[in-house]
1. For the stretch 128-274, just say rounded, prolate or oblate: build the C-alpha gyration tensor, square-root its eigenvalues into a ≥ b ≥ c, call rounded for a/c under 1.5, and beyond that prolate if a/b exceeds b/c, oblate if not.
2. For a quick check: with amide H placed at 1.01 Å from N, whose amide H comes under 5 Å from residue 102's, ignoring anything fewer than 5 positions away on the same chain?
3. Taking a probe of 1.4 Å, how large is the accessible area per residue of the chain, in Å²?
4. Rounded to the nearest 0.05, what FRET efficiency is calculated for residue 111 and residue 23 with R0 set to 45 Å and r the Cβ-Cβ distance?
5. Just list whichever of 14/79; 150/280; 79/231; 79/150 have alpha carbons separated by over 30 Å in the model shown.
6. Scan around residue 9 for amide H atoms under 5 Å from its own, H built in the peptide plane at 1.01 Å from N, and keep only partners 5 or more places away or cross-chain.
7. Hey, with R₀ at 22 Å, roughly what FRET efficiency would residue 63 and residue 234 work out to, going by the Cβ-Cβ distance, to 0.05?
8. If the viscosity is 1.567 mPa s and the temperature 4 °C, what Stokes-Einstein diffusion coefficient in µm²/s follows for the chain when Rh is the Kirkwood radius over Cα pairs?
Amino acid sequence: MTANLPRRAGIGLKPVHYHEILDHRPDIGWFEIHPENYLCDGGPPHRYLEAIAAHYPISFHGVGMSLGSAEGVCNTHLKAIRQLCDRYQPAQFSEHLAWSRNDSRFLNDLLPLPYTIESLDVVSANIQQVQDTLQRQVFIENPSSYIDFKQSDYSEPEFLNRLARQTGCGLLLDINNIYVSACNNGFDPYRYIDSVDLACVGEIHLAGHRVESLPNGQKLRLDDHGSEICKPVWQLYKHANTKLAAHLPVLIEWDNNIPSLATLIAEATEADRIQQEYCKT
């Protein structure tokens, strides 16, 4: 059995910060890694990760499981992830509600899927396979979206709720993704949060995004994790905390234009402050 993540904010572990973390041991709740970056057998990545994991809890946030693939999860990839989990015993494991594999070819993207009865069965079977292999609960993250499918049997919150009920998985609520998708597709992000079964939520993500102007004059928000968290996302996070029954682990995602460690810690400190103020349990 693994320990749970601390119910406070963490940040993504970036190589540019390895030395500063080890030299100064900053007051941060935990670190997240993408396990696909550590599937090598040894070398500097593992040397630094082992040193940091000796002092901080870590979580694994997968980007390559392709849970929406009709051909199923790649057993070779799943076995490698299982070995990495056995090695580091992460406090939590999460993945995306997306697909990135077809005809045994991997695509370097997290692609959307329609929320249909058929896709619910596919994703549920894949999640169950992953949980059975890893022998742990997996937390599923809601995606950022840019267009809607013509055919869907469920809303996204309904789909996530059904996945949790059918598989016993947890949910990872990405507040930035909700806001980006709401702006791009014209739905109410507050109603979205109110529709999610928050009892199944075991982690929250916060991130920045950028806005692009399209030739027709419309604005498109892109989930690029390359800037500070914007005010509307902070506001949505406050709303989520008023609905939660207890404090949760919160991740500050910043994967492009990576800032100083002090900047990331400041964002994490603000996330902790808001949770203390708005979530009373």
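1. oblate
2. 107
3. It amounts to 46 Å² per residue over the chain.
4. Once the sixth-power term is evaluated, E becomes 0.65.
5. Going by Cα-Cα distance, 150/280; 79/231; 79/150 fall outside the 30 Å limit.
6. For residue 9, the qualifying residues are 29, 250, 272.
7. Taking R0 as 22 Å, the efficiency between residue 63 and residue 234 is 0.30.
8. In µm²/s, the coefficient rounds to 67.
The values are calculated or read from the model by the stated rules, or taken from the named source; none is laboratory data. Bear in mind that the values here come from a model prediction, so they are computed numbers and not experimental data. Glycine gets a Cβ as well: all are built from the backbone with ideal geometry, and neighbour counts include every protein chain shown. Ligands, DNA and RNA are excluded from the accessible area calculation, which covers all protein heavy atoms including side chains. Shrake-Rupley method; radii C 1.70, N 1.55, O 1.52, S 1.80 Å.
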